[in-house]
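Here the structure comes first, spelled out in structure tokens, and everything after it is commentary.
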Amino acid sequence: MKSRAPIAWLIVGLLCLVCRTQAAAAEERGYSASALYNSANAYARAGKPGLAVLNYERARLLAPDDSDVDANLRFVRASSHVPAEPRRWFDPLVTIARPAVVAWLGAAGVVMMGAGLLAGFLAPRRRRTRRAAIVVGAALVAFTVGNGMVLWPKLHEAVILTAATPARASPAPMGDPLFVLPEAETVRITAEHDDFVLVRTRTGRTGWVSRANLAAVVPPR
Amino acid sequence: MSTTFIKRVGLLASITAFFMMAPAMAITPTVDATLEPSQIALGESAQLTITTSGKGTDFPKLPQVAGLELHIVGQSQRIQIINGAALASTSMIVSVTPQTAGIFAIPGVAPNSQPLVLRVTPPGSPVLPGKSPGSGTPGASSGANGIRMAADGAAFVRLILPKRDIYVGESVPVDIEVGLRDGFARPNALPTLVGSDFTLNNLSHQPEQTPRAVDGKPYMVLMWHSVVAAVKPGKFSLTVEAPLTVRIRTRPQRDSMIEDMLGDPFMQNIFGASITKDITATSMPSELTVLELPAEGRPPYFSGAVGSFKIGGDISSNTAAAGDPLTLRMHVTGTGNFDRVDSAMLEHLDQWKTYPPKSSFKATDALGLKGEKIFEQPLIASKPGPHTLPGLAFSYFDPSTHRYETAHSAPLNVTISPSLADSSLNANAPPLPAGTPSPGGGSATASSNPGLQPDHVAIETGTSTLVPPYLQPRFLAIPSLLALTFAGGWLGLRRRASDRSTARSAARDINRILDDMETAARAGDAASFFTLARTALETGPRSELEAGRLEADRGGDSDDIRRFLALADEVNYAGLQPTREEFARWTDLLRGAFQRTLQRDAHSNGKSS
């Protein structure tokens, strides 16, 4: 009995942490997928494809399963002559559920795996059930990890907000322009220096772009 | 005017003269007591009148009765001339107010007189025989005109119902009248409906006021127009209560005739003929039958509206661009319980996004019984082209036809043009090539551009960051702690299982050695026996040899182990040959010692885990 007290305290602590996390999430109302989507629609109607794509991308981070977001994003990109994002085989891993749901699925996977391992000592006879729990738990954890790996690059992307944005060879206003980026183009941020960020396009070209000409999909806190 | 004044002065002079002459003309002294009424409800008061007549008669002392409160409210004198002899009498008016319901006996106030009995019923109990109907308040009476007078006609309350049969939920207009004699009564609060089976709309603090003569007396009648609705079926008796402050006579009716003749409340006050009292006047009960709405033929979307209604529909614009919001309106007009008029309007419509409607009501009468309720529903067309919005429907129960009715509006035609955004976006770009997958999933062409998908209703809870939760440190703490917990549990359980395995292995080894020892004993090989025994003691679980020493140090009963070790030395070095019985004894001793040790180890492992 004495040896079970730390486990009980740990469970209580975990529950408190979960409640605290949920309460904090409920208190902080900043971004909403629908609100971002509606803003993007408004920008699209106003003829501002850069801001529209930025808000669609942000909405897609919160609601990757929303087909309207995906449809409008592709439509605006196509209308702005920006190449559409290529479809990859693992994209369904991201679009199947929202990140918040995936996060809790991962936590549930950890619980299932742990319970399956412990049950081997406590109830050695139910071998099949234990193995099934471990396999399902591992699959959930793997799904969460995969989801994170797919979304990770998105967290470091930015959208060009102004038309004919020059990408320069050096992080300086007078740096030699290497190429021009169209409005609504999505690029990846690889480095930062003062008011410039080093971006990489989908075609693999890199150049320094002024911060004033783009906005990160995930704004820095 | 002067003639009336002279008459009044003359009357007063006559009364004064009688008072002056009364002592001289007094004859046989008597004391009499009466109680009126003999039955009252709790909260009301009865009047005890003690009359003394004759010379030299004093008023008796008021009796003390538990549960009754007696106090003198007035005194009067009268002179009667019987067969030429003047009889002066003095009356003392005592108010008797019960504190509880029950039957009270007031001891005789006169010598050798019977006690007076007062029956007090709980408030709201039925009227007992012998008590006049409508006497819920002192001096209450009901007239032939359906008006229940209260406080000797100082006030009345009346409920006027136009219908006697209504349906559950049906709103019925009612009139509530409160008549007040000027100077005799005044209202304390708004009238209320008795019982919880009906709802009454809020009454105005400024009712209509009209003077009216009732039974030849002038009243100021306050009138409220309101609406009453029943909440459950059945037969009900509907009454209205009005809290009033009234001036009540403290003398019997016959004694107050003069004051009434004077007709002036001020004069009555001077003569001490009345007191003020707070009462609750009630109206005559109005019988009402509430019918349940029939279950047969009830439309599926019936919301409880009872009355007579008509509907109409319109839309904010007959032309719009795809994605632009339009407002569809349904107008419900008529008479009935508009608070139950409800509609979901168009819930699902192909190629349209529909949103929950909002409603507003505009009454056209003071009661809110007639008016117009407007439902407004936002709609967004997702596809361009001509559209026809189906007609709206509204179901209600019509009490005049006693059946459910469904009103319909005409369908509406709307033309939706391609989205302005599409034009804006496409103005700088050539049309999408034919065959390109469209946002909507179809095939996009220059002529049939599907445009943007419509806006969403922002109903989600927001989040502070766009980073997925599983990449936020705050959330990561949860699976990390869970993983640590399970890892710790797994390690602990694994260690315990390992200890058990070791113990089982040791037990197997010892059993094998003991078997070998028995074989050596049977063969009489003392050297092998003791060598095996020493090996078992030195390598056994938790080293039985060490345990034996520890227990010996603590004064335990392991002397046998030491003796056995000494014997083993003797066998090795002195060639001692134990007997068969000694072999059997030492084998049993060692077997028992090992078993105890194994049990002790298993117990300690269980504790530690």
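Numbers for the structure displayed
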item: Test result for A:Val82, among the β-branched types (Val, Ile, Thr), more than 30 Å from B:Trp490 (Cβ to Cβ) and either within 25 Å of the chain's Cα centre (by Cα) or more than 10 Å from every other protein chain (Cβ to nearest Cβ) (or both); result: yes
item: Residue in the stretch B:583-595 that is at pLDDT 80 or above, in a loop (DSSP other than H, G, I, E, B), surrounded by fewer than 20 Cβ atoms within 10 Å (Cβ to Cβ) and more than 60 Å from the chain's Cα centre (by Cα) present; result: no
item: Enumeration of residues in the stretch A:182-202 that are in a strand (DSSP E or B) and surrounded by 13 or more Cβ atoms within 10 Å (Cβ to Cβ); result: A:Thr186, A:Val187, A:Arg188, A:Ile189, A:Glu192, A:Phe196, A:Val197, A:Leu198, A:Val199, A:Arg200
item: Among the residues listed as A:Ala115, A:Ala108, the single one being assigned to a helix (DSSP H, G or I), in contact (Cβ under 8 Å) with a residue 12 or more places away in the chain and farther than 29 Å from B:Gly462 by Cβ; result: A:Ala115
item: Residues (surrounded by 16 or more Cβ atoms within 10 Å (Cβ to Cβ) and either in a loop (DSSP other than H, G, I, E, B) or among the charged types (D, E, K, R) (or both)) located in the stretch B:561-579; result: B:Pro578
item: Check on A:Ala123, more than 8 Å from every other protein chain (Cβ to nearest Cβ), exposed (fewer than 14 other Cβ atoms within 10 Å of the Cβ), closer than 17 Å to B:Trp490 by Cα and aliphatic (A, V, I, L, M); result: yes
item: Residues (free of Cβ contacts under 8 Å to residues at least 60 places away in the same chain and surrounded by 16 or more Cβ atoms within 10 Å (Cβ to Cβ)) located in the stretch A:149-174; result: A:Ala158, A:Thr165, A:Pro166, A:Ala167, A:Arg168, A:Pro171
item: Matching residues in the stretch B:366-414 - criterion: being part of a strand (DSSP E or B), of a type in the set (Gly, Ala, Ser) and either within 30 Å of B:Gly297 (Cα to Cα) or not assigned by TED's automatic domain parsing to the domain that holds B:Thr327 (or both); result: B:Gly371, B:Ala393, B:Ser395, B:Ala407
item: Of all residues making up the stretch B:460-493, the number that are farther than 22 Å from A:Val150 by Cα, more than 7 Å from chain A (Cβ to nearest Cβ) and either part of a loop (DSSP other than H, G, I, E, B) or not hydrophobic (A, V, I, L, M, F, W, C) (or both); result: 2
item: Some residue of the stretch A:76-96 being in contact with a strand residue (DSSP E or B) (Cβ under 8 Å, 6 or more places away or on another chain), buried (at least 21 other Cβ atoms within 10 Å of the Cβ) and within 26 Å of B:Ser382 (Cα to Cα); result: yes
item: Counted residues, the stretch A:203-221 - those being part of a loop (DSSP other than H, G, I, E, B) and within 14 Å of chain B (Cβ to nearest Cβ); result: 5
item: Members of the stretch A:148-176 found to be more than 15 Å from A:Val110 (Cβ to Cβ) and in a helix (DSSP H, G or I), listed by number; result: A:Met149, A:Val150, A:Leu151, A:Trp152, A:Pro153, A:Lys154, A:Leu155, A:His156
item: Pick from the stretch B:464-508, criterion in contact (Cβ under 8 Å) with a residue 12 or more places away in the chain and surrounded by fewer than 16 Cβ atoms within 10 Å (Cβ to Cβ), ranking: farthest from B:Gln595 (Cα to Cα); result: B:Arg495
item: Candidates A:Pro182, A:Pro177 - the one that is of a type outside the set (Phe, Trp, Tyr) and without any contact (Cβ under 8 Å) to a residue 60 or more places away in the chain; result: A:Pro177
item: Residue within the stretch A:34-51 that is at pLDDT 70 or above, of a type in the set (D, E, K, R) and in a helix (DSSP H, G or I) present; result: yes
item: Qualifying residue in the stretch B:332-347 (condition: assigned to a strand (DSSP E or B), modelled with pLDDT of 90 or more, surrounded by 17 or more Cβ atoms within 10 Å (Cβ to Cβ) and in contact with an Asp or Glu (Cβ under 6 Å, 6 or more places away or on another chain)); result: yes
item: Search result, residues across the stretch A:125-137 that are assigned to a helix (DSSP H, G or I) and either more than 20 Å from A:Pro99 (Cβ to Cβ) or free of Cβ contacts under 8 Å to residues at least 24 places away in the same chain (or both); result: A:Arg127, A:Arg128, A:Thr129, A:Arg130, A:Arg131, A:Ala132, A:Ala133, A:Ile134, A:Val135, A:Val136
item: Residue, farthest from the other protein chains (Cβ to nearest Cβ), within the stretch A:55-69, restricted to residues that are assigned to a helix (DSSP H, G or I) and over 18 Å from A:Leu155 (Cβ atoms); result: A:Ser67
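The values are calculated or read from the model by the stated rules, or taken from the named source; none is laboratory data. Everything numeric here is computed off the predicted structure, so don't read it as measured data. Virtual Cβ from ideal backbone geometry, glycine too; neighbours counted across all protein chains shown.
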